[in-house]
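Worksheet: one structure, shown below.
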Amino acid sequence: RNILIGGGGLFTNDDNSCELGYSVLTDFQNQGYATEAVKAILTYAFSVRDVEQIYAHTYPYLVPSVRVLQKSGFLFNGPGKEEGTIQFLITRKTAD
């Protein structure tokens, strides 16, 4: 059966960076879908766009989200842009 279980994408900035966002419905979390989607988005972004770095924000207590980013090659990069969030970053060089 066809069912939409989540979504994701990139917001492109003028400085050849992008911000990654993703979400998976509760019933489909912890099954690897978010990691698979994030890796596909990274492959796309680094292969067909002139992107040098991609960053993502999450809350530190959202451990599954942190794990998705870590498994996808992102590294912790300090506080996020919204209060209480943390930032993760992946660069073209670390993605290779």
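Restricting attention to the stretch 53-69, and to residues there that are surrounded by fewer than 17 Cβ atoms within 10 Å (Cβ to Cβ) and under 15 Å from Ala37 (Cα atoms), which single residue is nearest to the chain's Cα centre (by Cα)?
Residues of the stretch 53-69 that are surrounded by fewer than 17 Cβ atoms within 10 Å (Cβ to Cβ), as a first pass: 59-64, 67.
In the following step, the residues that additionally are under 15 Å from Ala37 (Cα atoms) were identified as 64, 67.
Details: Pro64: 12, Arg67: 10 Å.
Among them, the one singled out is Arg67.
Would you please name the residue that is nearest to the chain's Cα centre (by Cα), looking only at residues in the stretch 13-32 that are open to solvent by 70 Å² or more (accessible area, probe 1.4 Å) and under 29 Å from Asp50 (Cα atoms)?
Ser23
Report whether or not Leu4 is surrounded by 12 or more Cβ atoms within 10 Å (Cβ to Cβ) and free of Cβ contacts under 8 Å to residues at least 24 places away in the same chain. Quick ask: steps written out before the conclusion?
Numbers: surrounded by 12 or more Cβ atoms within 10 Å (Cβ to Cβ): no; free of Cβ contacts under 8 Å to residues at least 24 places away in the same chain: yes.
For Leu4, the condition - surrounded by 12 or more Cβ atoms within 10 Å (Cβ to Cβ) and free of Cβ contacts under 8 Å to residues at least 24 places away in the same chain - is not met.
Among the residues of the stretch 33-45, how many are more than 18 Å from Asn77 (Cβ to Cβ), among the small types (Gly, Ala, Ser) and surrounded by 15 or more Cβ atoms within 10 Å (Cβ to Cβ)?
Going through the stretch 33-45 one residue at a time, the tally reaches 2.
Any residue that is modelled with pLDDT under 95 and open to solvent by 60 Å² or more (accessible area, probe 1.4 Å) - is there at least one of those in the stretch 70-81?
Looking for residues that are modelled with pLDDT under 95 and open to solvent by 60 Å² or more (accessible area, probe 1.4 Å), one finds at least one in the stretch 70-81, hence yes.
Just a yes or no: is a residue in the stretch 41-58 farther than 12 Å from Ile90 by Cβ, out of contact with any strand residue (DSSP E or B) (no Cβ under 7 Å at 6 or more places or on another chain) and among the hydroxyl-bearing types (Ser, Thr, Tyr)? Give the derivation first.
Going through the stretch 41-58, the residues farther than 12 Å from Ile90 by Cβ turn out to be 44, 47-50, 57-58.
Now drop any that are not out of contact with any strand residue (DSSP E or B) (no Cβ under 7 Å at 6 or more places or on another chain), which leaves 44, 47-50.
Retained after the next criterion (residues that are among the hydroxyl-bearing types (Ser, Thr, Tyr)): 44, 47.
Yes, the conditions are met somewhere in the stretch 41-58.
In the stretch 14-34, how many residues are acidic (Asp, Glu) and part of a helix (DSSP H, G or I)?
So the first thing to find is which residues in the stretch 14-34 are acidic (Asp, Glu), and the list is 14-15, 19, 27.
Now narrow it down to the ones that are part of a helix (DSSP H, G or I): 27.
Of the residues in that region, 1 qualify.
Under the condition of being touching a residue at least 12 places away in the same chain (Cβ under 8 Å) and of a type in the set (Phe, Trp, Tyr), which residue from the stretch 20-55 is farthest from Val66 (Cα to Cα)?
Phe46
The values are calculated or read from the model by the stated rules, or taken from the named source; none is laboratory data. Being a predicted model, the structure only gives us computed values, none of them experimental. In this analysis, Cβ positions are derived from the backbone assuming ideal geometry, glycine residues included, and neighbour counts consider all displayed protein chains. Accessible surface areas use protein heavy atoms only, side chains included; no ligands, DNA or RNA. Shrake-Rupley method; radii C 1.70, N 1.55, O 1.52, S 1.80 Å.
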